[in-house]
1. How big is the C-alpha Rg of the range 246-346 next to the rule-of-thumb value 2.2 N^0.38 Å, as a ratio?
2. By count of other Cβ within 10 Å, fewest leading, how are Arg363, Arg226, Arg98 ordered?
3. For the range 1-77, count the residues as N, evaluate 2.2 N^0.38 Å, and divide the Cα radius of gyration by that value, please.
4. Given +1 on the Cβ of Lys and Arg, -1 on the Cβ of Asp and Glu, and no further charges, what dipole in debye does the range 71-296 carry about its Cα centre, rounded to the nearest 20?
5. Given axes a ≥ b ≥ c from the Cα gyration tensor, I'd like to know whether the range 117-194 is rounded (a/c under 1.5), prolate (a/b larger than b/c) or oblate.
6. Across the range 64-118, how large is the tail of the calculated P(r) beyond 14 Å, expressed as a percent of all Cα pairs?
7. Quick one: Asp197, Asp11, fewest Cβ neighbours within 10 Å first, how do they rank?
8. Need one word for the range 67-189: rounded, prolate or oblate. Basis is the Cα gyration tensor (sqrt eigenvalues a ≥ b ≥ c); a/c below 1.5 gives rounded, then a/b vs b/c decides.
Amino acid sequence: MNTRELIKIEDDYFINTFTRQPVVLDHGEGVRVTDIDGNEYLDMFAGIAVNALGHNHPKLVKAIQNQAEKLIHISSIYYNEPALVYAKKLIDKTGFDRIFYANSGAEANEGAIKLAIKYTGKSEVISAVESFHGRTSMTLAATGHADYQEPFRAILPDGFINVEYNNIEALKEAITQNTAAIIVEPIQGEGGVNIPDIGYLKEIEKICHENNIVFIVDEVQTGFGRCGALFAHELFDVKPDIMTMAKGIGGGVPMGGILATEKVASAFVPGDHGTTFGGGPLVCAAANAVLDVFEDENILENVNEVGEYFIGELKKLDKDIIADVRGKGLMVGVELIKPGAEYVDKLREAGFLINCTADKVLRFVPPLIITKDDIDEFIKALDEIL
Ligand SMILES: Cc1ncc(COP(=O)(O)O)c(C=O)c1O
């Protein structure tokens, strides 16, 4: 079947939820992906900040293959070695005390909010406008986008308050005796790569400690090296009570997780939360491989070096259409003075996959193994197209 025929299957049969780019991707190698017609693209999007090691990384593929030959799934009723080994490794690295494995970012956030509510016995949650935390009912209520919330207003739980991002006064005003948690992205991704002032998270941490509120950082997009530290909250020198993660941790296999301090985690007892698939041997074998490659191949060093170079090169582009260039590590945004969708199309036609978020922000979240030569190639194309 050709591209048009394949896409028609979605038009005819899928529940209509996505606006997709008109390419059917077939295979990938490193930072390149190829569609079924043989067109190659430089992947500056990495499956929405997921493919940390790019495509077809030999160590990740081998780990998945080896594990698939042993056990793929066993349920949460039995122990499996990859999940246990990974938990210990990650906890040693992050300083949290306890982990819960989920399958996606939304599921991790839903569990984190439940944990905060159980721990405090309170029911209000404060989050930011322009945030993104997921599309389940609690995470949608936390997601500060009225347009996503509006059709489901009737079923959204009460007690979720969205306040302006990077505005401590607005946040303080929203706190009540019944505030259970504040959930925040260290850098907003979907909201347009919005970087808060350096003291913002520190101030939230202080407010949470003073008021016995659970401080949740959503590192679903910023985590796993994306911003140049293993987790982005480290860049702001804070220690949250709970951190959620997903996207990059499995290098492309669907995996999420909650990390928490002992004190907060102890609120959950068997029966409070669960999952059939979470922490399965296949995804955990993948996650172990990703973590090993991070160390063996100095991935964080690459993120910092190439990220800084990339942002520097973008800043050199002297275009009236560019309103701002911002980013940390390899989470980078170019805000335009007009909607960016046409540039996503033009770049794709020229062989580059990117995305536009918050209407005007071209967002680049490439594989963390990208090189300066790849960046040069991309900058040249972006320069011509803008
Ligand atoms: C910060 C953040 N949290 C949560 C989510 C939801 O993750 P998922 O799509 O895996 O449910 C996303 C997805 O983009 C995200 O960027």
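Just so it is clear, none of the values below were taken in a lab; they were calculated from the coordinates. All of these numbers come straight from a predicted model, not from anything done at the bench. Counting neighbours? That spans all protein chains shown, and the Cβs are built from the backbone with ideal geometry, glycine included.
1. Values: Rg = 19.8 Å, N = 101, 2.2 N^0.38 = 12.7 Å.
Rg over 2.2 N^0.38 Å, computed on Cα atoms: 1.56.
2. Values: Arg363 26, Arg226 29, Arg98 18.
Least to most surrounded, the residues fall as Arg98, Arg363, Arg226.
3. Dividing the Cα Rg of the range 1-77 by 2.2 N^0.38 Å gives 1.39.
4. Working: 16 positive and 29 negative charges, 112 e Å.
Once rounded to the nearest 20, the dipole reads 540 debye.
5. Details: a/c = 1.73, a/b = 1.10, b/c = 1.57.
Because a/c hits 1.5 or more and a/b fails to exceed b/c, the range 117-194 counts as oblate.
6. Working: 1000 of 1485 pairs.
Percent of Cα pairs beyond 14 Å in the range 64-118: 67.
7. Details: Asp197 12, Asp11 8.
Going from least to most buried by this count: Asp11, Asp197.
8. Details: a/c = 2.23, a/b = 1.84, b/c = 1.21.
Prolate is the answer for the range 67-189, as a/c is 1.5 or above and a/b outweighs b/c.
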